[in-house]
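Heads up, the thing below is written out as structure tokens.
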Amino acid sequence: MFRGSRGSQTTPLRVSVNSQSIQRGSEETYGVPRIGRASNTDGTPQKGVFTMGQGIGTGEPTLIDSIYDDEAAPTAEQVAKVVAKVAGAGAGNTLQGRRIAVVGLGYVGLPTALSLADHGAEIIGFDISESRLAEIKSQQVDLLGRDRERLARHLEGELVKLTTEPSAVSSAEAIVVCVPTPIDAHQTPDLTALSGACASVVDNATIGQTIVLTSTTYVGCTRELLVQPLQARGFEVGRDVFIAFSPERIDPGVEAHAPDSTPRVVGGVTDECTVRAIDVLRHTASTMHSVSSPEAAEMTKLLENTFRAVNIALANEFSGAARELSVDIVEVIQAAATKPYGFMPFYPGPGVGGHCIPCDPHYLTWQLRARRASAPVVDAAMTAIAARPREVVAHARRILGEHGKPVSGARILVVGVSYKPGVGDVRESPAVPIIDMLASEGAHVGYTDSHIETIQTPIAGSLSHLPYPGDQHWDLVVVHTVHPDENYDWLAGQPAVLDTTYRLTDFPERHVL
């Protein structure tokens, strides 16, 4: 007799040794690792972590880890050992024949879908935006080079199906939710997309599905938006459906940080939920690290990006101190980085942009405010980060003044408007408020960015990329983003350059923040 456990409860199971299946009563379940008991060939009982067939290459229960305390619930470490064993089981461990729905096909969802399809899964790519699906079909999307190749290949194949029909996810054995979680103008979390996506998934959930939320969010969100509504529908989580949170780790534009070469964290509602979520997501990461709960995984993501926000704010503050003391801040940071322990280099800049650092810490502080709690270090860092574009404009005003020019009527060029090098993304980019603040003071502002053809700002309005900026006269050039493989030699002929990236050198009229 093989006994599977769900939390601290145990439910009798029977093993069909040769058919590579595990059954609960008459209900067949997936051939994934199980924690429980089985009989050895000599009839003696064995308690431990077992797997059936899939990923291990045998139809018999295979012991992975013994459990010696007969009454103990399985631990996270034991679940992690299952994962390590299965993940290293060899090339036969694929998703061929399995159907997985990816909800939200943006910067996270589309690469996730491509990774899963690469391992043989049939993908239902669901997005509510017809225009987004049209961009994907026409391959007009911002992706790493290798992802562009994968997208072209899968669009020609049969594995990836795109749809705006929510009910399509009901036929999948697993659903991965990858929708944006931005903040609004008041720096309050905007849960519109996430709430809608989770409600749609709950409405279309079926027995046996594994549902994984990957969108950065507040602690407890997975239970509030998935677990509780599914329970209200009559599902028992850990038996009928399997819920986990596994935060995305996407670094757009950086090939070295591709998701499938990056470790991933996962926390399930039960150990069985964790195991099943890992069975799906291990194909999208280098390794999987399990934690004890969705809440632990949710807070892991908040810590990762809050850590970055606080350190970027500190680097910005030190850059001002270095300027006052006539010291090169980049030289100082590079020198400090020679210390092999206790230091990680962060560099100053014009602010922060993208879908993570400007947004994620606010999910924590928003939740704490509701509990009459505070995070003063985080609050101070986010306030400083939000003020950074205004500091850029103040420096621009000062430099123009030194050249006898008022901001009003000045011709100012912004070099690079994407939020980071190598990507065509202006979400939360500091360049947008910088352009608008300069325009509001009467400046004639243009921009050059080979990755961004047009932008629309609240004050400056519609602007287009200037491909030959060196052919025009500018009173001031503000360098916001330096893309790789671009030639910036033309800056040497400009009367004043404000380098907010600290990346340029040897220009006679270069200024830094």
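The values are calculated or read from the model by the stated rules, or taken from the named source; none is laboratory data. Note that the coordinates shown come from a computational prediction; the quantities given were computed from them, not determined experimentally. Neighbour counts are summed over all protein chains in view; Cβ atoms, including those assigned to glycine, are modelled from backbone coordinates with ideal geometry.
Assorted remarks:
- Residues satisfying the stated conditions in the range 483-499, i.e. on the phi < 0 side of the Ramachandran plot, under 34 Å from the mean Cα position of the chain (by Cα), in a loop (DSSP other than H, G, I, E, B) and not aromatic (Phe, Trp, Tyr): HIS483, PRO484, GLU486, ASN487
- Pairs meeting the criteria (first residue in the range 268-284 and touching a residue at least 24 places away in the same chain (Cβ under 8 Å), second residue of a type in the set (Asp, Glu) and in a helix (DSSP H, G or I), beta carbons under 8 Å, at least 6 apart or on different chains) are HIS283/ASP118; HIS283/ASP260; THR284/ASP260.
- Among the candidates VAL310, VAL327, the residue that is surrounded by fewer than 16 Cβ atoms within 10 Å (Cβ to Cβ), among the β-branched types (Val, Ile, Thr), modelled with pLDDT of 95 or more and in the same structural domain as HIS511 (by TED's automatic domain parsing) is uniquely VAL327.
- Those residues of the range 489-506 which are more than 13 Å from ILE412 (Cβ to Cβ) and surrounded by fewer than 18 Cβ atoms within 10 Å (Cβ to Cβ), in sequence order: ASP489, TRP490, ALA492, GLY493, ARG503, LEU504, THR505, ASP506
- Residue list for the range 128-145, restricted to those being outside any helix (DSSP H, G or I) and more than 30 Å from LEU302 (Cα to Cα): SER138, GLN139, GLN140
- Here the condition is being farther than 16 Å from VAL392 by Cα, in contact (Cβ under 8 Å) with a residue 60 or more places away in the chain and assigned by TED's automatic domain parsing to the domain that holds PRO508; of HIS444, HIS465, HIS483, it holds for HIS483 alone.
- Residue pairs meeting the criteria (Cβ under 8 Å; at least 6 apart or on separate chains; first more than 22 Å from LEU498 (Cβ to Cβ) and not assigned by TED's automatic domain parsing to the domain that holds VAL108, in the range 350-365; second aliphatic (A, V, I, L, M) and in a loop (DSSP other than H, G, I, E, B)): LEU364/VAL219; LEU364/ALA375; THR365/ALA375
- Spans of strands (runs of 3 or more DSSP E) in the range 146-234 with at least 2 residues surrounded by fewer than 15 Cβ atoms within 10 Å (Cβ to Cβ): 160-163
- Output for the range 422-434, where each listed residue is modelled with pLDDT of 95 or more, in a loop (DSSP other than H, G, I, E, B) and either more than 17 Å from the chain's Cα centre (by Cα) or surrounded by 23 or more Cβ atoms within 10 Å (Cβ to Cβ) (or both): SER429, PRO430
- Residue, farthest from the chain's Cα centre (by Cα), within the range 290-305, restricted to residues that are over 25 Å from ALA256 (Cβ atoms) and not in a strand (DSSP E or B): SER292
- Extreme residue, farthest from the chain's Cα centre (by Cα), among residues of the range 371-380 that are part of a loop (DSSP other than H, G, I, E, B) and exposed (fewer than 15 other Cβ atoms within 10 Å of the Cβ): ARG372
- Members of the range 381-416 found to be over 14 Å from ALA443 (Cα atoms), over 24 Å from the mean Cα position of the chain (by Cα) and small (Gly, Ala, Ser), listed by number: ALA387, GLY404
- Sole residue being in contact with a helix residue (DSSP H, G or I) (Cβ under 9 Å, 6 or more places away or on another chain) and modelled with pLDDT of 95 or more, chosen from VAL82, VAL160: VAL160
- Criterion violated by ALA256 - all others in (1) out of contact with any helix residue (DSSP H, G or I) (no Cβ under 7 Å at 6 or more places or on another chain); (2) in contact (Cβ under 8 Å) with a residue 24 or more places away in the chain; (3) of a type outside the set (S, T, N, Q) satisfied: (2)
- Residue in the range 395-403 that is closer than 18 Å to ALA431 by Cα, among the basic types (Lys, Arg) and touching a residue at least 12 places away in the same chain (Cβ under 8 Å) present: yes
- Which numbered condition THR287 fails, given (1) on the phi > 0 side of the Ramachandran plot; (2) under 27 Å from the mean Cα position of the chain (by Cα); (3) among the polar types (S, T, N, Q): (1)
- Every residue from the range 246-284 that is of a type in the set (Gly, Ala, Ser), within 12 Å of the chain's Cα centre (by Cα) and under 16 Å from ARG223 (Cβ atoms): SER246
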